[in-house]
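To start, the structure under review is shown below, and the notes come after it.
The values are calculated or read from the model by the stated rules, or taken from the named source; none is laboratory data. Keep in mind it's a predicted model, so treat the numbers as computed, not measured. In this analysis, Cβ positions are derived from the backbone assuming ideal geometry, glycine residues included, and neighbour counts consider all displayed protein chains.
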Amino acid sequence: MFLSKLGQLSLVALFVAGSVSVSSLLTANANDSHHSVAKTASKGCPFASASANIVGTAQKAGTFNTLIVALKATGLDKTLASKESKFTVFAPTDAAFKKLPAGTVESLLKPENKAKLTKILTYHVAGKPLNAATVLKTPAIATVEGSSLAVSLKGGKPYVNNSQITKTDIYATNGIIHVIDTVLIPTD
């Protein structure tokens, strides 16, 4: 469901007012999608202060092992490590992948299912960096896969489709990671 303009303004008002459930998750300021400044002691472009690209940042976190294996199986790890483009990745954790029916991940990792796995993974990626504040103000986010993700608040918590965003604004040198608790599956 898309948010109305009034709904978007309400979201922004909640965010600005410091709603506990939203403000604890969303810590970025929306100056613009490329150079927003996180509410930290550092100033300037947050991409410049990041120590690794999206793939390296995910590897260092230690909670995205299944995602990394899937990215490598499709070759998307090279794309998401690129210096030429900036992306937003809604990254499912290992626990999110465990929610899938038994055998799903193993099946998707087979070479004959590379196209299907690529479709699923690119459904988690936007072709430009979107910080948390921008995500909240955007009712539908276009993905690299070609479909859109619906953004909403449920019980004061941010969601993309049916997946809760549990951590936001993890900056990498080439984009932003937002952690989600459920693997997103595009409709055919």
Options 125, 135, 69, 105; residue that is in contact with a helix residue (DSSP H, G or I) (Cβ under 7 Å, 6 or more places away or on another chain) and either of a type outside the set (Ser, Thr, Tyr) or over 14 Å from residue 183 (Cβ atoms) (or both): 105
Pick from 167, 110: which is over 24 Å from residue 74 (Cα atoms) and at pLDDT 95 or above? 167
Only residues that are surrounded by fewer than 14 Cβ atoms within 10 Å (Cβ to Cβ), assigned to a helix (DSSP H, G or I) and either of a type in the set (A, V, I, L, M) or in contact (Cβ under 8 Å) with a residue 24 or more places away in the chain (or both): list them for the stretch 99-110, please. none
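For the subset of the stretch 169-188 comprising residues that are more than 17 Å from residue 67 (Cβ to Cβ) and not charged (D, E, K, R), which member is nearest to the chain's Cα centre (by Cα)?
171
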One residue is enough: does the stretch 133-155 have a residue meeting the conditions in contact with an Asp or Glu (Cβ under 6 Å, 6 or more places away or on another chain), surrounded by fewer than 21 Cβ atoms within 10 Å (Cβ to Cβ) and at pLDDT 95 or above? no
Go over the candidates 89, 144, 135 one by one and state the one that is under 14 Å from the mean Cα position of the chain (by Cα), within 22 Å of residue 168 (Cβ to Cβ) and in a helix (DSSP H, G or I). 135
